[in-house]
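A.B. asks: Encoded as structure tokens, here's the structure I'll be asking about.
The values are calculated or read from the model by the stated rules, or taken from the named source; none is laboratory data. Given the structure is predicted, the values throughout are model-derived calculations rather than measurements. Cβ sites come from the backbone with ideal geometry, for glycine too, and all protein chains shown count toward neighbours.
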Amino acid sequence: MIKEFCEELPKVELHAHINGSVSENTIEKLLSRKQKSDHQYSFKKGSTATLNECFEKFRLIHQLTDDTDSVYQVTYDVIHEFHEDNVKYLELRSTPREVPKTGMTRELYVEAVLRAISKCEAENLDIVVKLLLSIDRRNGISVGHETVKLAQKFQASDGERVVGVDLSGDPNVGDGRDFIPVLKEARDSGLRLSLHLCEVPALQETMDLLCLPPDRIGHGTCLHPEARGRQEFVDTVINHKTPLELCLTSNLIGQTVPDLDNHQFRFWYEKQHPCIICTDDKGVFSTSLSEEYQLAASTFDLQPSDLWRLSLSSIDSAFCDEQSKEKLREKWKLCKPQIEKRFNLKLESSGYQTQKSI
Ligand code: 5GP
């Protein structure tokens, strides 16, 4: 029953990398478009890999999404797949990439993603989609700067959709502090910041990045002392009430947590800190948001009411305006009686505090 409940639950996805979310189905389409047949792209359920091997997967996928048509196709399919999984609000993030041999520039890349989002809007899918542009820490500060300029440009011309900037890429490469001026520049122009922080122990950069402060944190795997973090990191996150985007399967497969019992979800959830369950890379990690909710339920003994409150309170942390959040809450309210009836239960809305809207 919990499986069906998680599938029917209206959900919010706030941490999904476009190229990591590509399904096997879409990979097949891309392979046939490019007249290749290569199965090294598949990622079987339950398999594990080191973080480095996961980054190798992204590199292989990028070889398939090296032109604007593929980027459009991938974005379009990913939105439809989240829609089919009952995701009502989706924030995608992606690294604008240039590929000289196909003529794709970073700007054309973003345009292709936005075109796919517009197409889905024109199809009246019951899903709101926003975009964050990712700064890959491996690409250095000048590309980071260019990415922020692009985000600002599209924010001005397409303000509804481009809502923020993400800092991601291999956490073992470079120093996140180098990007602070670039991130401040983004924030000063009204873009929201979601930063991959402390996926691996990173004592040097963490405090400075936390003090920006970001609007949300991706993973935060090693923030707390039990995971080789520091109490002052925890205090800072709590003081700023910075929501955490938590991705169970991704962290398990990427081996940044030893097992799910020791996943940081438990630490933050017990503190009633805003936690958002996310997929990260549903393609590469062969999962879905419904499966992530199910996994959270079985690992942390969560009941349907807890899952309901988690999905509803995730709206508070979205990077959209307050009016859009109200519309989403209304949607949850409308479907609640149907879900209660179908599963013969009463969903309690209180208990887990909903947080300030960011
Ligand atoms: P894209 O930005 O090309 O749409 O999605 C793939 C990219 O997202 C990867 O190359 C990587 O930079 C970033 N990414 C995906 N998953 C993770 C993750 O778990 N941690 C970090 N730090 N970056 C990730």
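A.B. asks: What number of residues within region 252-267 satisfy the criterion of being within 24 Å of Arg93 (Cα to Cα) and touching a residue at least 40 places away in the same chain (Cβ under 8 Å)?
C.D. replies: 6
A.B. asks: Here's a follow-up. Report the residue count in region 79-110 for those that are under 20 Å from the mean Cα position of the chain (by Cα) and either at negative phi or free of Cβ contacts under 8 Å to residues at least 12 places away in the same chain (or both).
C.D. replies: Looking only at that region, the number is 20.
A.B. asks: With respect to the numbered conditions (1) more than 16 Å from the ligand (Cβ to nearest atom); (2) at pLDDT below 95; (3) among the hydroxyl-bearing types (Ser, Thr, Tyr), which one is the sole condition not fulfilled by Thr236?
C.D. replies: (2)
A.B. asks: Also, quick follow-up: So how many residues does region 144-186 have that are among the charged types (D, E, K, R), touching a strand residue (DSSP E or B) at 6+ places or on another chain (Cβ under 7 Å) and farther than 26 Å from Cys54 by Cβ? It would help to see each step written out before you state the result.
C.D. replies: In the first step, residues of region 144-186 are kept if they are among the charged types (D, E, K, R); the result is 146, 149, 153, 158, 160-161, 166, 170, 175, 177-178, 184-185.
This time we only want the ones that are touching a strand residue (DSSP E or B) at 6+ places or on another chain (Cβ under 7 Å), so: 161, 166.
Remaining after also requiring farther than 26 Å from Cys54 by Cβ: 161.
So the answer is 1.
A.B. asks: Tell me which of these Lys44 doesn't satisfy, since it passes every other one: (1) surrounded by 11 or more Cβ atoms within 10 Å (Cβ to Cβ); (2) modelled with pLDDT under 85.
C.D. replies: (1)
A.B. asks: If I filter region 80-121 down to residues being among the aliphatic types (A, V, I, L, M) and assigned to a strand (DSSP E or B), which single residue comes out as nearest to the ligand (Cβ to nearest atom)?
C.D. replies: Only one residue fits best here, namely Leu92.
A.B. asks: Taking the conditions exactly as written (surrounded by 19 or more Cβ atoms within 10 Å (Cβ to Cβ), of a type in the set (Lys, Arg) and modelled with pLDDT of 95 or more), does Arg106 satisfy them or not? Step through it out loud before you land on a result.
C.D. replies: On the way: surrounded by 19 or more Cβ atoms within 10 Å (Cβ to Cβ): no; of a type in the set (Lys, Arg): yes; modelled with pLDDT of 95 or more: yes.
No: the conditions fail for Arg106.
A.B. asks: Restricting attention to region 161-183, does a residue exist that is more than 16 Å from the ligand (Cβ to nearest atom), in a loop (DSSP other than H, G, I, E, B) and out of contact with any Lys or Arg (no Cβ under 7 Å at 6 or more places or on another chain)?
C.D. replies: no
A.B. asks: Give just the number: which of (1) modelled with pLDDT of 95 or more; (2) assigned to a loop (DSSP other than H, G, I, E, B); (3) within 22 Å of Val234 (Cα to Cα) does Gly190 not satisfy?
C.D. replies: Here Gly190 clears every test but (3).
A.B. asks: So, restricting to helices (runs of 4 or more DSSP H) that lie completely within region 244-335, which ones have at least 2 residues that are within 15 Å of the ligand (Cβ to nearest atom) and out of contact with any helix residue (DSSP H, G or I) (no Cβ under 7 Å at 6 or more places or on another chain)?
C.D. replies: Working: elements: 248-253, 264-270, 289-300, 304-314.
Counting at least 2 such residues, we get 248-253.
A.B. asks: A follow-up question, please. Looking at (1) of a type outside the set (D, E, K, R); (2) in contact with a Gly (Cβ under 7 Å, 6 or more places away or on another chain); (3) closer than 24 Å to Glu291 by Cα, which is the one condition that is false for Leu223?
C.D. replies: Only one criterion is unmet by Leu223, namely (3).
A.B. asks: Pairs please, first residue from region 308-334 and more than 23 Å from Ala296 (Cβ to Cβ), second anywhere and of a type in the set (Lys, Arg) and modelled with pLDDT of 95 or more, Cβ atoms under 9 Å, 6+ apart in sequence or on different chains.
C.D. replies: These pairs meet every condition: Cys320/Lys130.
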